[in-house]
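The values are calculated or read from the model by the stated rules, or taken from the named source; none is laboratory data. As the structure is a prediction and not an experimental result, all values here were calculated from the model. A quick note on method: Cβ atoms are made from the backbone with ideal geometry, for glycine too, and the neighbour counts reach across all protein chains shown. Surface accessibility is based on the protein's heavy atoms, side chains included, excluding ligands, DNA and RNA. Shrake-Rupley method; radii C 1.70, N 1.55, O 1.52, S 1.80 Å.
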Amino acid sequence: MLFRDRMDAGRQLGRRLAHLRGLDVVVVGLTRGGIPVAYQVARALGAPLDVILVRKLGVPFQPELAMGAIAEGDVRVINPETRLMADIGPDELAAVEARERLELDRRIRRFRGARPRVPLAGRTVVVVDDGIATGATASAACQAARAAGATRIVLAAPVAPPDRIGWLRRDADEVVCLHTPDRFFAIGTFYTDFTQTSDDEVTDLLRRAAVLAPQAPTAAPAGTHETHETHGAATPGATPNPPGREVEVDIPAVPVRLTGQLTVPEKAGGLVVFAHGSGSSRHSPRNRYVADVLGAAGLATLLFDLLTPAEEIDRANVFDIGLLAHRLVDVTGWLRGQPGVSHLPVGYFGASTGAAAALWAAAEPGSRIAAVVSRGGRPDLAASKLAAVAAPTLLVVGEHDDLVIDLNRQAQARLRCENRLTVVPRATHLFAEPGALETVAALARDWFVHHLTLVTHRG
């Protein structure tokens, strides 16, 4: 295997494309698998990210084999060799194209909505996919970018068969590929994890990319190691690095060690620790999106797992709020001993059962937590501790999450600290509706910036 997953492939590809930093670059990813790769490339280049919509025209009896592709802008590419080999007639080709055209239109509505395309005219466009097989979709994407006015097109992929590279140079000014193995069977064979990318993951990554604001790196706290090498010193004339220095941390929390990602922007004004709910993890795209919004506002963030993988197998641990809360207390204590973040006021962002753990931990004597935000939380599970919470607390629930609204109202009545309950219109429990998660992130940002800044000023 050459790559752990698409994110790993994107980091490696981003390093290979470092010569493009400082240019007027836009990164576009092919849906769906190309978006996680393109997200990391965009971070490495300090460039905006957009989606480029292409649909493969698969052979009817072997859909993974492309006989052509269609893309935005009425671009159509046909691979005559594959079509001849598969003996596909005009009527069969037309039927496949009509079906894929409907799916292309659906994805345009799903991934773009009211959001306009990032302008490509007059710019260098890096077209990214998770791998190239026949090259039909990559060719169509390059042609679509050219039709949108791109002056230079760089096609980038982690892996491709060597005979496709020269063919693709017809459509791209530069083709960058990390590996071109002679024995090539399928893209997925070069990945340890090639799990299908979902629509939700695509939209979440596009949201996260939209809020990234370039900032210079800061020194990493002791006991950490950097996971994104692109956050090194900027080269002369280059675009500033993505926000914050993201480091992977191993946190001692007796009797186990926990893993997380700590991001510290330059001149951070506070630190927000995320407590994930049942069935979630530090990889939660919703919480990572909120963390990016907070980072863009100058707040450091820690996303970590409250339980080890072995502990998660026992479902009783997932709902043991006391255990989760004390893990959170231990992690907070560890943070307060780390250079670079020890001076920062701390807030908690909790989701689902993680919100109960956050409030329980905030109620512990000497916790010194500056603020708490609950997203679709279950604060009622910490009912016996709520009266002892001193940190200003914001409870955010969706309008159509009826049961959780009632539970939050009951919990709010027990709070003695400054608190607010905000209901997001038309939202359900996961805030998957258009604009709902953005609303949650903005509410959390404003709450934390206000209350953590007050603590900083008083200090």
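How large, in percent, is the carbon and sulfur part of the accessible surface of segment 1-110 at a probe radius of 1.4 Å? Mind showing how you got there, number by number?
Working: 2460 of 4760 Å².
Solvent-exposed carbon and sulfur of segment 1-110 make up 52 percent of the total.
At 0.36 nm per residue, minus the direct Cα-Cα distance, what do Leu430 and Asp193 gain on full extension? Give it in nm, one decimal, please. Don't skip to the end; give the middle numbers.
Numbers: separation 237, 0.36 × 237 = 85.32 nm, distance 2.56 nm.
My answer for the length gained is 82.8 nm.
For the chain, what does the helix formula give at 222 nm: sum of -39500 (n - 2.57) over DSSP H segments with n ≥ 4, over the residue count, nearest 500 deg cm²/dmol?
Numbers: 14 runs with 167 residues, N = 459.
Helix-only estimate at 222 nm: -11500 deg cm²/dmol.
Which percent, to the nearest 5, of DSSP beta bridges fully inside the chain are antiparallel?
On the way: 26 of 71 bridges.
Roughly 35 percent of the DSSP beta bridges within the chain come out antiparallel.
What FRET efficiency would be calculated for the residue pair Leu403, Ala18, taking the C-beta separation as r and a Förster radius of 51 Å, to the nearest 0.05? Don't skip to the answer; put the middle values down first.
Values: r = 50 Å, r/R0 = 0.99.
After rounding, the FRET efficiency stands at 0.50.
What Kirkwood hydrodynamic radius, in Å, does segment 345-459 give when the mean of 1/r is taken over all pairs of distinct Cα atoms and then inverted? Numbers along the way, then the final one.
Values: mean 1/r = 0.0722 Å⁻¹.
Here the Kirkwood hydrodynamic radius works out to 13.9 Å.
State the antiparallel share, in %, of DSSP beta bridges confined to segment 19-92, rounding to the nearest 5. Intermediate values should be presented prior to the final figure.
Values: 10 of 14 bridges.
Percentage antiparallel, nearest 5: 70.
What distance in nm separates the simple spin-label points at Arg183 and Gln412, each placed 7 Å from Cα in the Cβ direction?
Simple spin-label model gives 6.3 nm for this pair.
Counting only heavy atoms of the protein chains, get the accessible area per residue of segment 306-459 (1.4 Å probe) and round it to a whole Å² value. Walk me through the numbers before you get to the answer.
Values: 6620 Å² over 154 residues.
Heavy-atom accessible area per residue stands at 43 Å².
Would you mind counting up the charge near Ala441? Only other residues with Cβ under 13 Å from its Cβ, with Lys and Arg at +1 and Asp and Glu at -1. All intermediate terms of the calculation are to be shown ahead of the outcome.
Details: positive: Arg207, Arg208, Arg286, Arg288, Arg375, Arg445; negative: Asp204, Asp292, Glu438, Asp446.
Net of charged neighbours comes to +2.
Carbon and sulfur together cover what percent of the accessible area of segment 114-211 at a 1.4 Å probe radius?
Values: 2070 of 4040 Å².
Roughly 51 percent, rounded to a whole number.
Whole percent per 10 Å bin, from 0 to the bin with the longest distance: what is P(r) over all C-alpha pairs of the chain?
4, 20, 27, 23, 16, 8, 2, 0
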